[in-house]
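The values are calculated or read from the model by the stated rules, or taken from the named source; none is laboratory data. Bear in mind that the values here come from a model prediction, so they are computed numbers and not experimental data. Every residue, glycine as well, gets a Cβ built from its backbone with ideal geometry; the counts of neighbours run over all protein chains shown.
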């Protein structure tokens, strides 16, 4: 049970990284010769399929292309800001991943009209109370 929870946490953190940085990841993969790994992953997300193995494949593709950290290395305490964490000050409301696939979240921003959307499938993020 603990291993499954650890795996789910790892996948959620990795998906947050992909969600927040998919353009950079796609450019890295294109430079290496193929964007198939991210294309397959995003198609699985949009279809509501399990993404664990595809995220692992994307991680390996990035490492093979020269990114030593891949997807998962960027989610550990590397000193960089974690994907999905936006600036601003906390309020009682927060927006969460609409599919609960990743750990991305953001605080409401009065300067932006409407609610934020998922960077992968465009669905409105879920408003929740903290």
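At pLDDT below 90, surrounded by 11 or more Cβ atoms within 10 Å (Cβ to Cβ), more than 11 Å from the chain's Cα centre (by Cα) and not in a loop (DSSP other than H, G, I, E, B): does that describe residue 8? Even if it seems obvious, please write down each step before you answer.
On the way: at pLDDT below 90: yes; surrounded by 11 or more Cβ atoms within 10 Å (Cβ to Cβ): yes; more than 11 Å from the chain's Cα centre (by Cα): yes; not in a loop (DSSP other than H, G, I, E, B): yes.
When the stated conditions are applied, residue 8 passes them.
The set of residues from the stretch 109-127 being surrounded by fewer than 17 Cβ atoms within 10 Å (Cβ to Cβ) and either outside any loop (DSSP other than H, G, I, E, B) or at pLDDT 85 or above (or both) comprises 117, 121, 122, 123, 124, 126, 127. Could you grab me the full set of residues in the stretch 11-27 that are in contact with a helix residue (DSSP H, G or I) (Cβ under 9 Å, 6 or more places away or on another chain) and more than 15 Å from residue 74 (Cα to Cα)? Across the stretch 11-27, the qualifying residue is only 26.
When the stretch 28-66 is filtered for residues that are out of contact with any helix residue (DSSP H, G or I) (no Cβ under 6 Å at 6 or more places or on another chain) and not in a helix (DSSP H, G or I), the ones remaining, listed by number, are 33, 34, 48, 49, 50, 66. Taken over the stretch 97-108, residues that are within 15 Å of residue 11 (Cα to Cα) and surrounded by fewer than 19 Cβ atoms within 10 Å (Cβ to Cβ) amount to 2. The residues of the stretch 61-96 that are within 16 Å of the chain's Cα centre (by Cα), surrounded by fewer than 17 Cβ atoms within 10 Å (Cβ to Cβ), modelled with pLDDT of 50 or more and over 19 Å from residue 116 (Cα atoms), listed by number, are 69, 73, 76.
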